[in-house]
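Shown next, in structure tokens, is the structure this report addresses.
Every read-out reported here was derived from the displayed coordinates using simple, explicitly stated rules and does not represent laboratory data. Note that the structure is a prediction, hence the values are computed from the model and not measured. Here Cβ is always computed from backbone atoms with ideal geometry, including for glycine, and neighbour counts include all displayed protein chains.
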Amino acid sequence: MPTLLIVHHTPSPNCQAMFEAVLAGTTAPEIEGVRVVRRAALSATASDVLDADGYLLGTPANLGYMSGALKHFFDQIYYPCLDTTRGRPFGYYVHGGSDVTGAVRGIESVTTGLGWRRAAETVTVTGEPDKAAAEQCWELGATLAAGLAD
């Protein structure tokens with residue numbers, strides 16, 4: 001059974017709302033045959049990444065960059081997973097108070113280096129997530145999970 005690994009840093013109610021919407025999408029009843037594993041960014045390991053078939057990342061934008069927790073995750077898994085995970089699908093969401101540009105640029109840079117293939121549109125939200133943002137997050141999760149189920 002294919003595995004989708006969700007690696008997230010969820011320190012705020014806004015990030016939590018986005019995470020919950022993404023998770024709901026990944027576990028929609030119409031998507032069968034995909035195992036969804038959730039890991040906080042500070043506890044996710046290279047073994048988690050190697051055992052997964054696709055990745056969904058979530059982070060706040062902190063001080064113009066991805067969270068330190070997600071950066072730590074990438075630092076820990078980059079070389080152990082570099083060759084083995086090339087071509088695997090991923091997607092991500094970013095929440096920021098006012099700007100997410102640096103966080104998006106950082107995630108794109110690292111995932112390009114890893115050779116991961118973006119399989120869904122990125123969801124970026126500034127301010128409080130509204131209903132449209134929740135729907136985009138749900139769609140992100142569902143798209144990645146359904147892609148693995150095929």
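Between Asp75 and Glu121, take the C-beta separation as r, use R0 = 30 Å, and let me know the FRET efficiency to the nearest 0.05.
Plugging the Cβ-Cβ distance into 1/(1 + (r/R0)^6) gives 0.70.
FRET efficiency for the Ser109 to Asp53 pair, using the beta carbon distance and R₀ = 30 Å, is estimated at 0.85.
Within the chain, the longest run free of exposed loop sites, counting GluC sites (Glu not before Pro) that sit outside DSSP helix and strand states (H, G, I, E, B) and have at most 15 other Cβ atoms within 10 Å, spans 33-120.
Where does the range 57-124 land on the Kirkwood hydrodynamic radius, alpha-carbon pairs, in angstrom? Evaluated over the range 57-124, this radius sits at 12.1 Å.
Annotation: amide H of Ile6 within the under-5 Å range of Val37, Arg38, Arg39, Leu56, sequence separation 5 or more or interchain, hydrogens built in the peptide plane. With Cα atoms as the point set, the chain shows a radius of gyration and Dmax of 13.9, 39 Å.
Placing +1 on each Lys and Arg Cβ and -1 on each Asp and Glu Cβ, with no other charges, gives the chain a dipole about its Cα centre of roughly 360 debye.
Remark: relative contact order (the range 3-149) = 35 percent; criterion is Cα-Cα distance under 8 angstrom and separation of 6 or more residues.
For Tyr92, the residues whose modelled amide H falls within less than 5 Å of its own, excluding neighbours fewer than 5 places apart on the same chain, are Leu57, Val123.
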